[in-house]
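For reference, the structure discussed in these notes is given below.
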Amino acid sequence: MQEKIDQYTAEINAFSPSNTDELEAFRIKFLGTKGIIKDLFEQFKSVGPEEKRVLGKVLNQFKQLAETSYNERKESFGPVSETQGSVLDLTLPGQGFNLGSRHPLSLTRNEIIDIFKRLGFVVAEGPEIEDDWHNFSALNFPQEHPARDMQDTFFVKKNNGGDDIALRTHTSSVQVRMMENGKPPFRAIMPGRVYRNEAISARAHCFFHQVEGLYVDENVSFADLKQTLYHFVQELYGEGTKVRFRPSYFPFTEPSAEMDISCTICGGSGCNMCKYTGWVEILGCGMVDPNVLENCHIDSKKYTGFAFGMGIERITNLKYVIKDLRLFSENDVRFLKQFQTEII
Ligand code: PHE
């Protein structure tokens, strides 16, 4: 045994590994669970008591030699990662992490809200599940109006007699709630999600987002409506953007109009976005019908008002030239991260 120990001692002293694999092989050979030291201690059990006294000391010294040799050689290879046993390379790049980004519809909505806030409008919100009164009747929709039809409206509960419950088809319902619960003057915008029973395609979806606005006070005129919306367009799309109003019809406004702006993509010369007309429609508007004011217990002889409503998707499409509405609700990170720089 003594002879073997001498032989191993010489081997250990001469050991000079050139890489960590050789070092590991050394550890397994001498210090492993089935290694030489373990084996020598096994053999030690069966030597005579005389020999044991001498050999015990020698064996312990040998074990210590193997351990310190191993540790010293290991240190010479540098610090070792505790988890992987691999060498830590401080020059490697760190792990990046993705910053979230605002959804393009939120960016546009916030921009619209900011513009109207500067004009003194407050933000009002209301429920997405509405009753017939707030979504239709109070807004002067006749009982047989086609917009109440199953084709356009998602009914939650159909009750014959006019008290149907449905997903709101526009945020005009919030205007009714506001007028019913307060006293003029009102100057508010109503952003929110609305639902219509449409087949999903690049140009239509079963839900979309609106910002509607309401201004009711004494002596509010169509000139106020035009000037407010003109200012809004200059702020949103830049100075020099032209507007035009075309007569239209909504049950809740009289007179009613649709407002077009000069195409923001081609500047009015004609392109695929404006169907070569130079104009794109962005919102509906008009003077609040006196019947609506009366339905909300507001004296229509004393007060007048204007209202308008726009789809946030449409405004966003024109701002960022997005041609497929479905992109807004698919949550494709490749689409969404293009708006990363605009985190506010
Ligand atoms: N509520 C209308 C719609 O959803 C928009 C609108 C609001 C039109 C206010 C005129 C006045 O299409």
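The values are calculated or read from the model by the stated rules, or taken from the named source; none is laboratory data. These figures come from a predicted structure and were not determined experimentally. Glycine gets a Cβ as well: all are built from the backbone with ideal geometry, and neighbour counts include every protein chain shown.
Which of the residues belonging to segment 110-145 are within 16 Å of the ligand (Cβ to nearest atom) and more than 30 Å from the chain's Cα centre (by Cα)?
Passing the criteria: ASP132, TRP133, HIS134, PHE136, SER137, ALA138, LEU139, ASN140, PHE141, PRO142, HIS145.
Under 7 Å between Cβ atoms, at least 6 apart or on separate chains: pull out the pairs that start in segment 252-270 with a residue that is at negative phi and in the same structural domain as PHE222 (by TED's automatic domain parsing) and end on any residue that is within 16 Å of the ligand (Cβ to nearest atom) and part of a loop (DSSP other than H, G, I, E, B).
So the pair list comes out as PHE252/ASN140; PHE252/ASP289; THR253/ASP289; GLU254/ASP289.
Which condition from (1) in contact (Cβ under 8 Å) with a residue 40 or more places away in the chain; (2) within 16 Å of the ligand (Cβ to nearest atom); (3) more than 27 Å from the chain's Cα centre (by Cα) is the one that TYR303 breaks?
Failing condition for TYR303: (2).
Under 6 Å by Cβ, and 6 or more places apart or on different chains, what pairs join a residue from segment 107-134 that is more than 30 Å from PHE155 (Cα to Cα) with one that is assigned to a helix (DSSP H, G or I)?
LEU107/GLU342; ILE115/PHE232; ILE115/GLU235
Taking segment 146-192, which residues are farther than 30 Å from LYS117 by Cβ, within 13 Å of the ligand (Cβ to nearest atom) and not hydrophobic (A, V, I, L, M, F, W, C)?
ASP152, THR153
Looking only at segment 1-10, which residues are of a type outside the set (Ser, Thr, Tyr) and surrounded by 13 or more Cβ atoms within 10 Å (Cβ to Cβ)?
Listed by number, the residues that qualify are MET1, LYS4, ILE5.
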